[in-house]
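The values are calculated or read from the model by the stated rules, or taken from the named source; none is laboratory data. Since we're looking at a predicted model, the values are computed, not measured. Please note: Cβ atoms are built from the backbone with ideal geometry, for glycine as well, and neighbour counts cover all protein chains shown. These area figures cover heavy atoms from the full protein model, side chains too; ligands, DNA and RNA do not enter into them. Shrake-Rupley method; radii C 1.70, N 1.55, O 1.52, S 1.80 Å.
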Amino acid sequence: MPGAVGTVNDIDAQSTPTPKRPLVIAANRLPVALNDDGEWETSPGGLVRALLPIVQESEGAWVGWTGQADSAADIIHTDGIEMHPVPISADEMERYYEGFANDTLWPLYHDAIKESNFDGDDWNAYVAVNERFAVRIANIAPANALVWIHDYHLQLVPAMLRAQRSDVRIGWFNHIPFPPLELFQRLPWRTEIIKGLLGADVLGFQRERGARNFIAAAHQLVDATEVDDNLVNFDGRNVHVGNFPISIDVDEFELLASGRAIRQRTAQIRTRLGDPEVILLGVDRLDYTKGIGARLRAFGRLLDSGRLDPERHVMVQIATPTRQGVELYQEERREIEQIVGEINGVHARLGFPVIHYLHQMLPLGELIPLYRAGDVMLVTPFRDGMNLVAKEYVAAHVDGDGVLVLSEFTGAADELEDALLVNPHDEHTFDDVIVRAVEMHRHERRPRMEAMRKAIESANVSMWARSFMDVLDT
Ligand code: GDG
């Protein structure tokens, strides 16, 4: 999109002052968790760390669900800010969250690689929860606040909020892809979603393509007109539609990865794995969009054909538990665990599995040395809004070494051009790319890694947040 509004690369984060208007963040989940003493604590994570200081300095607030069904939690005070819980019942958790958000929108927005479930009762729960969020924001947002709504769970909130509060500026950012019209129009409630989103002042997408897909859908379905690059007119108002590729806290990852304890743990991990020549690594939520099964199958084929050797090449796959109440996720887990069992059954030796598979959420202090130990990182989703794991791997490689194999269907592929790009649907080239990564000489590896490190250092998560805020705060 030429002249895209507010892309991360064209702003200087340091020179952008904190907005004078209070910032209210709304997201499905509040960034808090109960600690062992039964007190709420802020959960870490790059996005939260980037947004918290802006909310604090501007005396804003955060609105979201605690993650617990039927919780009657009152206002939570952590890190000097007010968190406002939106209550969600057990039935709504099933219908709004597991149902409409994760069994209807999630597969549809990821290229419809799984069949969406279109259920009227789930839709009604989605409408009810979105309305509850809008009312809560309308009740607590200070006058003239900036309200930044996150993600596909809350697409109706912009218009619902605008109907109640004309003084606030409303932004929405989509962390996942926005699908092409041909897929989006399958959604029985497509018009309602587009109208809901067009209640915002700024709509942000990870990729230019997502922004273009939205503009095409808005034009086709509700006759919104594109008045300028990134500017759409609907119902007498202009809405900015732009791409804002998200990033990570690069400095934090580099700092953590450089520590002595992490270096020692990295060496220990190598030894534990039997000192193989090459460690191949996958780190994903256990989600069918991430292409974990296809990646494991590729590894298995290469062992079967002898192009990889179980005594020299070992794979580690971390598959973090996620959305375990949704049937498609249970099926995916069964399939992945079957593949791991089959491959280890044929190629492992006693005491030496060829795939080390963990269905666990690791602490960051264990994840970072794993990234560092990974000689070849396999990030091969069928579709992904951005994929932060790819950027974290690059940031963690302070040694300047390592090879990233990256699906061309990720947002990260737009920026990490020096990765080995792959189409995970194409078995033949998938296998060749993995072999190429495993055999790549350091004279090729190091310049590629250096270029990727430069690419991520020029756009960290704070710059991303500021770039969106700059457009919102006008
Ligand atoms: C959505 C979009 C977009 C994973 N396992 C462990 C662990 N993780 C952390 C990673 C990374 C995060 O989870 C995963 O982020 P991704 O970006 O890869 O994927 P989604 O969860 O699908 O995120 C995606 C993102 O939103 C942001 O906009 O990039 O496209 O789908 O940070 O490190 N962290 C720890 N242990 C684990 O075992 N500590």
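Ile368 is checked against (1) within 11 Å of the ligand (Cβ to nearest atom); (2) out of contact with any Ser or Thr (no Cβ under 6 Å at 6 or more places or on another chain); (3) under 29 Å from Glu208 (Cβ atoms) and fails just one. What number does that condition carry?
Evaluating Ile368 over (1) within 11 Å of the ligand (Cβ to nearest atom); (2) out of contact with any Ser or Thr (no Cβ under 6 Å at 6 or more places or on another chain); (3) under 29 Å from Glu208 (Cβ atoms) leaves (3) as the failure.
Considering the stretch 363-402 alone, what residues qualify as being of a type outside the set (D, E, K, R), open to solvent by less than 30 Å² (accessible area, probe 1.4 Å) and over 17 Å from Ile279 (Cα atoms)?
Result: Pro381, Gly385, Met386, Asn387, Ala395.
Residue check, Asn387 against (1) on the phi > 0 side of the Ramachandran plot; (2) modelled with pLDDT under 95, all met but one. Which one?
That leaves (2) as the condition not met.
Here is a list of conditions, (1) buried (at least 21 other Cβ atoms within 10 Å of the Cβ); (2) under 20 Å from Ala112 (Cα atoms); (3) β-branched (Val, Ile, Thr), and Val157 meets all of them except one; can you say which number that is?
Checking Val157 against (1) buried (at least 21 other Cβ atoms within 10 Å of the Cβ); (2) under 20 Å from Ala112 (Cα atoms); (3) β-branched (Val, Ile, Thr), the one that fails is (2).
So which of Phe133, Phe178 is buried (at least 20 other Cβ atoms within 10 Å of the Cβ), among the aromatic types (Phe, Trp, Tyr), assigned to a helix (DSSP H, G or I) and out of contact with any Asp or Glu (no Cβ under 9 Å at 6 or more places or on another chain)?
Phe133
Identify the single condition in (1) within 11 Å of the ligand (Cβ to nearest atom); (2) touching a residue at least 40 places away in the same chain (Cβ under 8 Å) that Tyr357 does not satisfy, given that it satisfies every other one.
For Tyr357, the exception is condition (1).
I need every pair where a residue in the stretch 397-408 that is touching a residue at least 12 places away in the same chain (Cβ under 8 Å) has its Cβ under 8 Å from the Cβ of a residue that is open to solvent by less than 10 Å² (accessible area, probe 1.4 Å) and among the polar types (S, T, N, Q), sequence separation at least 6 or different chains.
As it stands, the answer is Val405/Thr380; Leu406/Thr380; Ser407/Thr380, since those pairs meet every condition given.
Quick one: which of Asp201, Asp235, Asp249 is among the charged types (D, E, K, R) and open to solvent by 60 Å² or more (accessible area, probe 1.4 Å)?
Just a single option satisfies the conditions, and that option is Asp235.
Name the residue, out of Tyr393, Tyr357, that is aromatic (Phe, Trp, Tyr), assigned to a strand (DSSP E or B) and within 27 Å of Pro310 (Cα to Cα).
Details: Tyr393 fails: assigned to a strand (DSSP E or B).
Among Tyr393, Tyr357, only Tyr357 is aromatic (Phe, Trp, Tyr), assigned to a strand (DSSP E or B) and within 27 Å of Pro310 (Cα to Cα).
Could you list, in sequence order, the residues of the stretch 204-226 that are free of Cβ contacts under 8 Å to residues at least 40 places away in the same chain and closer than 21 Å to Ser247 by Cβ?
Matches in the stretch 204-226: Phe205, Arg209.
Can you name the residue in the stretch 303-328 that is open to solvent by less than 10 Å² (accessible area, probe 1.4 Å) and not aliphatic (A, V, I, L, M) and is also nearest to the ligand (Cβ to nearest atom) among such residues?
Result: Gln317.
Among the residues of the stretch 90-130, what is the count of those that are part of a helix (DSSP H, G or I) and within 29 Å of Thr410 (Cα to Cα)? Give the derivation first.
Taking the stretch 90-130 and keeping what is part of a helix (DSSP H, G or I), we get 90-109, 120-130.
Cutting the leftovers down to within 29 Å of Thr410 (Cα to Cα) gives us 93-109, 122-123, 126, 130.
Number of matching residues: 21.
Could you list, in sequence order, the residues of the stretch 139-158 that are away from the ligand (no atom under 16 Å from the Cβ), touching a strand residue (DSSP E or B) at 6+ places or on another chain (Cβ under 9 Å) and either assigned to a loop (DSSP other than H, G, I, E, B) or farther than 23 Å from Ala50 by Cβ (or both)?
Within the stretch 139-158, Asn139, Ala141, Pro142, Asn144, Ala145 meet the criteria.
Residues being over 23 Å from Glu254 (Cβ atoms), free of Cβ contacts under 8 Å to residues at least 40 places away in the same chain and either crowded, with 22+ Cβ neighbours inside 10 Å or β-branched (Val, Ile, Thr) (or both): count how many of those fall in the stretch 409-459.
Residues meeting the conditions: 2.
Could you identify the single residue in Gly341, Gly345, Gly300 that is away from the ligand (no atom under 16 Å from the Cβ), surrounded by 20 or more Cβ atoms within 10 Å (Cβ to Cβ) and outside any loop (DSSP other than H, G, I, E, B)? Break it down stepwise before answering.
On the way: Gly341 fails: surrounded by 20 or more Cβ atoms within 10 Å (Cβ to Cβ); Gly345 fails: surrounded by 20 or more Cβ atoms within 10 Å (Cβ to Cβ).
Of the residues listed, the single one that is away from the ligand (no atom under 16 Å from the Cβ), surrounded by 20 or more Cβ atoms within 10 Å (Cβ to Cβ) and outside any loop (DSSP other than H, G, I, E, B) is Gly300.
Would you mind finding the one in Gly60, Gly67 that is under 30 Å from Arg466 (Cβ atoms) and in contact (Cβ under 8 Å) with a residue 60 or more places away in the chain?
When all the criteria are applied, what remains is Gly60.
When both residues are 6+ apart or on different chains and their Cβ atoms are under 7 Å apart, which pairs have a first residue that lies in the stretch 112-124 and is at pLDDT 95 or above, and a second that is among the hydrophobic types (A, V, I, L, M, F, W, C) and part of a helix (DSSP H, G or I)?
Pairs that qualify, where the first residue is at pLDDT 95 or above and the partner is among the hydrophobic types (A, V, I, L, M, F, W, C) and part of a helix (DSSP H, G or I), are Ala112/Leu183; Lys114/Leu328; Ser116/Leu108; Asp122/Phe100; Trp123/Phe100.
Among the residues of the stretch 182-191 satisfying the criterion of being in contact (Cβ under 8 Å) with a residue 40 or more places away in the chain and outside any loop (DSSP other than H, G, I, E, B), which is least open to solvent (accessible area, probe 1.4 Å)?
Residues of the stretch 182-191 that are in contact (Cβ under 8 Å) with a residue 40 or more places away in the chain, as a first pass: 183-184, 186-189.
From what is left, the residues that are outside any loop (DSSP other than H, G, I, E, B) are 183-184.
Numbers: Leu183: 29, Phe184: 0 Å².
Once the filter is applied, the top-ranked residue is Phe184.
Any chance you could count how many residues in the stretch 1-37 are modelled with pLDDT of 85 or more and either within 20 Å of the chain's Cα centre (by Cα) or farther than 23 Å from Ile176 by Cα (or both)?
15
Sort out which residues of the stretch 453-474 are in a helix (DSSP H, G or I), more than 19 Å from the chain's Cα centre (by Cα) and within 20 Å of Leu416 (Cβ to Cβ), and write them in order of number.
Arg453, Lys454 - these are the residues of the stretch 453-474 that are in a helix (DSSP H, G or I), more than 19 Å from the chain's Cα centre (by Cα) and within 20 Å of Leu416 (Cβ to Cβ).
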